[in-house]
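Written out below as structure tokens is the structure these notes cover.
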Amino acid sequence: MAMTQRPVRDPVTAQRAQGSFGDSFRSALGPLLFMGPAGFLVVAFFFIPVVIIIAFSLTDMSSSTGFQNWAWVQLENYRKILVHPSSGPILWNTIKYVVLTLSLFNVGMGLVIALLSTHVPRRTGFLFRALWLLPRLTPSVVYVMVWKYIAADAPYGILNQHLLGPLGVKATNWLPAQPWAFVIASNGFIGASFGMIIFTSAIESIPRDYMIAALVDGCSLWQRIRYVILPMIRWPLLFVTTYQTLSLFTSFEQILLLTDGQFGTEVWSLWAYHRALNNYWGNFQWGFGSALAAVLVVIGILMAIVYMRYFRFNELVQEPRIEAL
Amino acid sequence: MKLKLENLTKRWGAVYGARDVNIEVKDGEFVALLGPSGCGKTTTLLMVAGIYKPTAGVIRFGERVMNRVPPKNRNVGMVFQSYALYPHMTVFENLVFPMKLKRVPAKERRERAQQVAEMMGIGHLMDRKPGQLSGGQQQRVALGRALTKQPELLLFDEPLSNLDARLRLSMRAEIKRLQVNLGITSIYVTHDQVEAMTMADRIAVMRDGLLEAYCPPDELYDRPATLFVAGFVGNPPMNFLDVEVTQANGELRARCLGLDVAVPAERGARAAGKPKVTLGIRPEDLSIVLGEPGGEADTVVAGEVYVVEPLGRDDLIDVQIGQSHVNVLVNPGLGLRLGDPVRLKFNMEKAQFFDPETEQSLLWR
Amino acid sequence: MDDRMGVGSRWRAVLPLLVMAVLTVPILMGYVWIIISTFSQRTYGLVPVDSAGRVGGLTLENWAFLWEDPNIWKVTLNSFTLAVGLTIGVVLVSALAGYALSRISFPGRKAFLGTTLILHAFPSVTLLISIYFVLRWITRVPILGRGIPVIGGFGYDTVGGVILVMLALQLPLGVWLMKGFFDNISWDMERAALIDGCTRLRVWWQIIMPQIKPGIAALAIFSFISGWNEFLIPYTYITDQEKSTIAAYLRSLMSDTAPVNYSQIAAVGLFQLIPVMIFFIFTQEYLLSIFAGGSKGGT
Ligand SMILES: Nc1ncnc2c1ncn2[C@@H]1O[C@H](COP(=O)(O)OP(=O)(O)OP(=O)(O)O)[C@@H](O)[C@H]1O
Ligand SMILES: [Mg+2]
């Protein structure tokens, strides 16, 4: 029993148990070592450029003013965006493009391929996934060229020559006829592979026991997907949805190569690119383009925050179980 | 090496992992940390190892305050329930890894690893990866890895709970033997009281982060300081009955419905006069009285057999007395069956009394 | 998976195959076309034709760049340097940060993790102008700016600079992927290593990194592909023809004043695809284990 009574607290040792400056310095050093390189890159290539972009967006800088003769114009560029006749339609285009591509392909098709290819023999599954990865591996110039040849007018186009021709549909160049179908499909066939890979590995790493338990309980395939697989891949779903939404918002390379924004397919990021870096008039409106980009940044940040709330990001981050450094 | 924990506390927000824990471990002593799941055993151990930082309190190795010393400078060895071997290294590499980090010369490393491996009976497994070993072999490697660095303090976190019963028995003896031979101060976390009782010099019982008792095993068993300790230590567990202890013409009696037994004065003194106390009595301190009733001592009580559980060597019998139930260990030869009337003799020399409010013993505190 | 035999179960086995086959038709069609066209003068749909439109006209002419244009090997090497440098950089930086974010408690941890994901919302290409200024500043740093062998340095008009920019753009993916893998590593193993005498840095390198090889491989593949195929960033920040990449070479075929030879572009594209395809086939096991990383998780 001797030990159970509590000794009086010794002020010296109690104080020593508290932190000192040296300790807090040492405990900051560890994370700094690990986070340093990433932190530097984030600051140098995201934060500073965004600050510069915002600064530019408050100027009338363009290739005609150069980097010398520009002037501050406050929010003039943003006002221009608001009243610009193209703003509305382009914003609508962007939403249409992101929502349709994301739901049909990047998440939807990705999930479908992942589910199907994990329910067939391994080698077959691998073959299909390899095929679906091809668009991502192919240089975009060539990849888009293929889509152009699929859509092209007779006698070059694959659609006209081998599918619609035999069905008696009148040949035409389908790209101007159905620009959105091609924009969405060409982006989607690349986008789907990202989700496909992540979902496949997530499904494969679901413990066998769960799957067997579901089989024993007599679940149909659909029930197994609904009640076992989907709940268990919540985290990858959050990640793919968020990441791909943001990717789609800011990407435009395929559209640039496919239609260059013609046939009513200009989206916001392409608009910014056209205005700031590449247009027919040769007048690069850096200020106005920067304002367009800044708008995109704001929309993207808002979307990311909404997603993180919705998927309860905080609960998905565990606390470390080691406190020593 | 001596170890001393003073008011050691760990808190995460509102959750207490450990609370004002005071333990002193003598040089070469083997101390068991015993308690139910979630009581803070691992938390305490990890603070000693330096993995968790104490919220308050002091850890001393010898006289030195260790609170801010990083784990690598504490020279402790630790064995985990999950073994925690490095799966990409062979057994040999696992064994020499801690020595490499201590910059032990290569030749000595090899010798020590070989020596420990022989001692642990894993010498023939040196070139295998942990994934190719059985659980028992992995645990031996883990133990070996903790030993090769020649630590001043050994920490065990439920090292045997993943092993089967037979293996557990033999490993238990082996660890104890090793510890005695090497004389390394050790703390051994377990929720298995038999393990604690058989291996430890002293046992610290924890509950909800608090230290309930800290004393040698026999004292823990014979003189439990709290109701919790009394109920937790011992298998089958102690019987508890709510009784009233009355005093009439110099004689103490414990009473409740269907029960009225005499209490030795030195046992019941502090319980006397209380309308409600908890009487604790171990199953082995109850015995069946054979023969016809009448003319016996006033520590015999009548009851009825309620449940019979054959345990092999003994039968465990649940006897109903009034509204209460007690467990008794009896000889299977008696052939008792459900509903049989029996008479129980209470060995009141071994009875314990507790205050049901404070849960403290009315005998030892 | 189902033991009950009969029409129902046979259908259940064939149906996924059938659905997948139908969904994959456009891809198959496209790549069959690429292959055919690289060996043809022209194509009508998937049919090779000669200049007069008759079936036939097979040729090796489109592949002649391999033996006629020495530049192709130079740009291939440049692309390779870029891709390898990027891969090493992304893996190291992401693994360092992912480890800290998953396993070390420090103020601002959650905030940084959230920020990393949001960073992806920053339109890389519209940041082109402003990143140009940052690279210009880096150029002025002595030695680091432009005095390093092989990659040149980290400033403007160096391979290192391009790597740095692309590395930053890959960070959101890399950090999150790595963090997911680190989350699955057993805490006890790491604790054991610390008690055995490791520092956190050594634990990371000697104990944890070997456990997440699948994750490293997966990230390496993603990075290699983007480094190998990237056009815009090297094109924008490298002016020196000597450092041009294969993607830029491909694009130059289109902007030449001569009429564009699509079959040759397809051939160069196919050539550019081959190393990636080989890389992929050898590492696909890893690619699929993005979420299966590490040993048992938890405690
Ligand atoms: N890192 C942590 N963060 C928050 N709470 C914790 C943490 N670690 C432990 N706890 C809490 O502290 C209490 C004590 O946990 P501890 O792991 O020490 O129990 P234990 O006695 O080792 O139990 P077991 O026998 O199950 O291993 C528990 O309530 C637990 O939930
Ligand atoms: Mg524990």
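Placing unit charges on C-beta atoms (Lys and Arg positive, Asp and Glu negative, everything else neutral), compute the dipole magnitude of chain B about its Cα centre in debye, rounded to 20.
On the way: 46 positive and 44 negative charges, 530 e Å.
Dipole of chain B, to the nearest 20 debye: 2540 debye.
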What are the residues whose amide H is under 5 Å from the amide H of B:Val189, where those residues sit 5 or more places off or on another chain and H is modelled from the backbone? B:Leu33, B:Phe156, B:Asp157, B:Glu158
With θ set to phi - 60°, apply the Karplus curve 6.51 cos²θ - 1.76 cosθ + 1.60 along the stretch B:338-354 and write out the HN-Hα couplings as whole Hz, x wherever there is a Gly or Pro. 3, x, 5, x, 9, 10, 10, 9, 8, 7, 6, 5, 9, 5, 10, 10, 10
Per 20 Å bin, what percent of the C-alpha pairs of chain A does each bin hold, from zero upward? 22, 44, 26, 7, 1
Hey, can you grab everything whose amide H is under 5 Å from the amide H of B:Arg282? Only 5+ residues off in sequence or another chain; H modelled, so Pro and N-termini drop out. B:Asn239
Show the residues, 5+ positions off or on another chain, whose built amide H is closer than 5 Å to the amide H of B:Lys53. A:Glu323
Under a GNM of chain B (C-alpha, springs under 10 Å), which listed residue has the highest mean-square fluctuation: B:Arg68, B:Arg19, B:Arg313? B:Arg313
Need the full-extension length gain, C:Ala111 to C:Val32, defined as separation in residues times 0.36 nm minus the C-alpha distance. One decimal, nm. 23.7 nm
The helix A:87-101 Cα axis meets the longest alpha-carbon principal axis of chain A at an angle in degrees, between 0 and 90 and rounded to 10, of 70
With Cα atoms, 0 to 90° folded angle of helix B:135-148 axis to chain B main axis: 60
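Taking the highest mean first, how do the peptides B:120-131, A:210-221, B:228-239 order by number of other beta carbon atoms within 10 angstrom per residue? Working shown, then result.
On the way: B:120-131: 15.8, A:210-221: 12.9, B:228-239: 19.9.
Descending mean neighbour count gives B:228-239, B:120-131, A:210-221.
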List the lysines whose Cα lies under 22 Å from the Cα of B:Lys274, skipping any in the same chain that are fewer than 8 positions away. B:Lys350
Rounded to the nearest 0.05, what FRET efficiency do B:Thr198 and C:Trp205 have when you use their Cβ-Cβ distance and R0 = 51 Å? 0.75
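How do A:94-104, C:226-236 rank on mean C-beta neighbours within 10 Å, highest first? Provide the component values of the computation, followed by the final result.
On the way: A:94-104: 18.9, C:226-236: 21.4.
Result, highest mean Cβ count within 10 Å first: C:226-236, A:94-104.
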In terms of the ratio Rg/(2.2 N^0.38 Å) built on C-alpha atoms, what value belongs to the stretch B:10-122? 1.27
Sticking to Cα atoms, compute the Rg of the stretch A:92-149 to one decimal and its Dmax as the biggest Cα-Cα distance, whole number, in Å. 14.0, 43
Average partner chain C-beta neighbours within 10 Å, per residue of B:141-151? 1
Which value in deg cm²/dmol, rounded to the nearest 500, describes the helix-derived mean residue ellipticity at 222 nm for chain B, given -39,500 (n - 2.57) per DSSP H run of n ≥ 4 and division by the residue count? -7000 deg cm²/dmol
Could you work out how far helix A:21-42 tilts from the main Cα principal axis of chain A, as a 0 to 90 degree angle to the nearest 10? 10
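Largest first and in whole Å, what are the equivalent-ellipsoid semi-axes of the stretch B:3-232 based on the Cα gyration tensor, each being the root of 5 times an eigenvalue?
Working: eigenvalues 177, 83, 48 Å².
Taking √(5λ) for each Cα gyration eigenvalue gives 30, 20, 16 Å.
Other chains near C:90-101: what is the mean number of their Cβ atoms within 10 Å of each residue's Cβ?
Values: counts 0, 0, 1, 8, 2, 2, 6, 9, 2, 2, 9, 6.
What the average comes to for C:90-101 is 4.
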Given R₀ = 60 Å, FRET efficiency for C:Leu77-A:Leu82 by Cβ-Cβ distance, to 0.05? 0.75
Inter-label distance for B:Arg177 and B:Ala302, nm, one decimal - labels placed 7 Å from Cα along Cα-to-Cβ: 5.5
How long are the semi-axes of the ellipsoid equivalent to the stretch B:298-365, from square roots of 5 times the Cα gyration tensor eigenvalues, in whole Å, largest first? 26, 14, 12
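Distances longer than 23 Å among the Cα atoms of the stretch B:161-285: what percent of all pairs is that?
Details: 3650 of 7750 pairs.
Counting pairs separated by more than 23 Å, the tail of P(r) holds 47 percent.
How well do other chains shield peptide C:213-223, expressed as the mean number of their Cβ atoms within 10 Å of each residue Cβ?
Details: counts 1, 1, 1, 0, 0, 3, 0, 0, 3, 3, 0.
For peptide C:213-223, the averaged partner shielding equals 1.
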Using all C-alpha to C-alpha distances in the protein assembly as shown, build P(r) with 10 Å bins and read off the rounded percent in each one. 2, 9, 15, 17, 16, 13, 10, 7, 5, 3, 1, 0, 0, 0
Find the all-direction average of the projected area of the Cα convex hull for the stretch B:77-154, expressing the result in square nanometres with one decimal place. 4.7
Just to be sure I understand: with springs between alpha-carbon atoms less than 10 Å apart, which residue in B:Ala14, B:Ala32, B:Ala142 has the highest mean-square fluctuation in the Gaussian network model of chain B? B:Ala14
What is the distance, in nm, between label points placed 7 Å from the Cα along the Cα-to-Cβ direction at A:Cys219 and at C:Glu61? 5.9
Ranked by how many other beta carbons lie within 10 Å on average, peptides B:144-152, B:163-171, C:35-43 from highest: B:144-152, C:35-43, B:163-171
Convex hull of Cα atoms in the stretch A:214-256, direction-averaged projection (nm²): 4.1
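With only Lys, Arg, Asp and Glu charged, each at its Cβ (+1 for the first two, -1 for the last two), find how big the charge dipole of the protein assembly as shown is about the Cα centre; round to the nearest 20 debye.
On the way: 87 positive and 74 negative charges, 413 e Å.
In total the dipole reaches around 1980 debye.
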Of the listed links C:Lys110/C:Lys179; C:Lys74/C:Lys213; B:Lys72/B:Lys107; B:Lys26/B:Lys176; B:Lys53/C:Lys110, those spanning more than 24 angstrom between alpha carbons are C:Lys74/C:Lys213
Using the charge dipole of chain B (Lys, Arg: +1 at Cβ; Asp, Glu: -1 at Cβ; taken about the Cα centre), state which of B:Ala271, B:Ala106, B:Gly123 has its Cα farthest towards the positive end. B:Ala106
Computed log₁₀ I(q)/I(0) - Debye formula, equal Cα scatterers, no solvent, the stretch C:93-138, q 0.16, 0.29 Å⁻¹: -0.62, -0.96
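All of the numbers you see were taken from the coordinates with simple rules; none came from a lab. All figures in this text were calculated on a predicted structure; none of them were measured in a lab. With ideal geometry, Cβ positions are generated from the backbone for all residues, glycine too; neighbour counts draw on all protein chains shown.
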